[in-house]
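Structure, as structure tokens:
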Amino acid sequence: MTKQEKILWVLLPAVLVILFLLSSTDLIIKEKKTEIYPVSVIISDTSDDYFTNFRKGVDKAAEEYNVDVSLITLYEKSDQDQQLELVKREINDGAMAVVLVPVKPEECARKMDDMVLNCPAVIVGNLIPNERVKCGIAPDFEEEGRMLGQAIARENSPGRPVWIFMDGIDDGYNREVCAGAENELNKAGFTVKLYKKTMEDTFHKAIEGLVYPGGEKVIIAAIDAKSLDETAEIIAGSPVYGNYVDGLYGTGSTTRLLTQLDNGVIKGLVVSDQFDAGYRSIEKAVESVHGGFEKEQIVLDSYYIQREDLRERKFEKILYPID
């Protein structure tokens, strides 16, 4: 063998070893590990039926920011204590951040003020005092109520009775929406009556009472998505009830509500971008893990829409976001 051949035979195994190490180990070139962020999203209901677009935004952000999302629902409706127990459980189970849609915001703020959180939190709603709550994301709820009241006043003759339906005054941000709507309606000369759901058939009985023994027509404003969904189904399910309801208005942007708007059962809706709320809640949760920003309240835009607006490109993107 020549000297060159001997050198070649010595180098060849060395090259093969180096190639093996490069392809199958990180001894030479260390592979960059992608950090996964476990984030728990705890919503304010026993199912996510009214959070479809919000969930789409959460899932999109989770994909882009390498987040492992756990979406948690309640076992019992309107149980704020249970929701805060779930917050503690998720933190103890290793969540690096928590996104919370509060059941009863005022009660939640009061109780969380004294809680010691071991990770940052984002509120889908208004900021609360706890120092670990870094961000609030929500529309201006009182402004949404004002928009609703102004739309009713604009589209109907003053002096008409307006019934405001709600799931509960302390649930969600109903108090703020109700205050805004009631103020505008009173200023415009409408007679306002509040109906808080205390029984399963509260709204059905109220509407049925218009028919027997025969009463005047009313306008109904359902100020939360659940109440509006129920009311729309009651009216759509009877050929008679619609004759006594001069207009159904409300807030929310679920697929069922948009269908009822398109079918003419609902006359007008106040909506906000729930996809954006979900996306930004995860984005801010990841930022808060890194300590990247100070306390912040993000205010989402709200819009009043009618049937003809459903085909507008601007609203299509908000109401029917692509997964």
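Structural remarks
- Hits in the range 122-134 (condition: at pLDDT 95 or above and open to solvent by less than 10 Å² (accessible area, probe 1.4 Å)): VAL122, ILE123, GLY125
- Restricting attention to the range 308-319 and to residues that are farther than 18 Å from GLU144 by Cα and either touching a residue at least 40 places away in the same chain (Cβ under 8 Å) or in a helix (DSSP H, G or I) (or both), the residue that is least open to solvent (accessible area, probe 1.4 Å) turns out to be LEU310.
- Qualifying residues in the range 81-106 (those that are closer than 23 Å to ASP59 by Cα and among the acidic types (Asp, Glu)) - the one least open to solvent (accessible area, probe 1.4 Å): GLU90
- Top-ranked residue in the range 233-259 [being crowded, with 24+ Cβ neighbours inside 10 Å and of a type in the set (S, T, N, Q); ranked as modelled with the lowest pLDDT]: SER253
- Filtering VAL162, VAL177 for residues that are in contact with a helix residue (DSSP H, G or I) (Cβ under 7 Å, 6 or more places away or on another chain), assigned to a helix (DSSP H, G or I), buried (at least 22 other Cβ atoms within 10 Å of the Cβ) and modelled with pLDDT of 95 or more leaves a single hit, VAL177.
- Just so you know, in the range 265-295 the residues that are assigned to a loop (DSSP other than H, G, I, E, B) and open to solvent by 50 Å² or more (accessible area, probe 1.4 Å) include one that is nearest to VAL192 (Cα to Cα), and it is LYS267.
- Within the range 38-123, helices (runs of 4 or more DSSP H) holding 1 or more residues that are touching a Cys at 6+ places or on another chain (Cβ under 6 Å) and more than 20 Å from ILE322 (Cβ to Cβ): 80-92
- Qualifying residue in the range 270-284 (condition: in contact (Cβ under 8 Å) with a residue 40 or more places away in the chain, within 23 Å of ALA121 (Cβ to Cβ) and among the β-branched types (Val, Ile, Thr)): yes
- Residue selected from the range 200-232 under the condition within 16 Å of ILE164 (Cβ to Cβ) and hydroxyl-bearing (Ser, Thr, Tyr), by the criterion most open to solvent (accessible area, probe 1.4 Å): THR202
- Checked against the criterion of being buried (at least 23 other Cβ atoms within 10 Å of the Cβ), under 24 Å from the mean Cα position of the chain (by Cα) and at pLDDT below 95, the candidates GLY168, GLY172, GLY149, GLY145 yield just one match: GLY172.
The values are calculated or read from the model by the stated rules, or taken from the named source; none is laboratory data. From a predicted model like this one, the values you see are computed outputs, not experimental measurements. Because the Cβ atoms are built from the backbone with ideal geometry, glycine has one as well, and the counts that use them run over all protein chains shown. Keep in mind that these areas ignore ligands, DNA and RNA; they rest on the heavy atoms of the full protein, side chains included. Shrake-Rupley method; radii C 1.70, N 1.55, O 1.52, S 1.80 Å.
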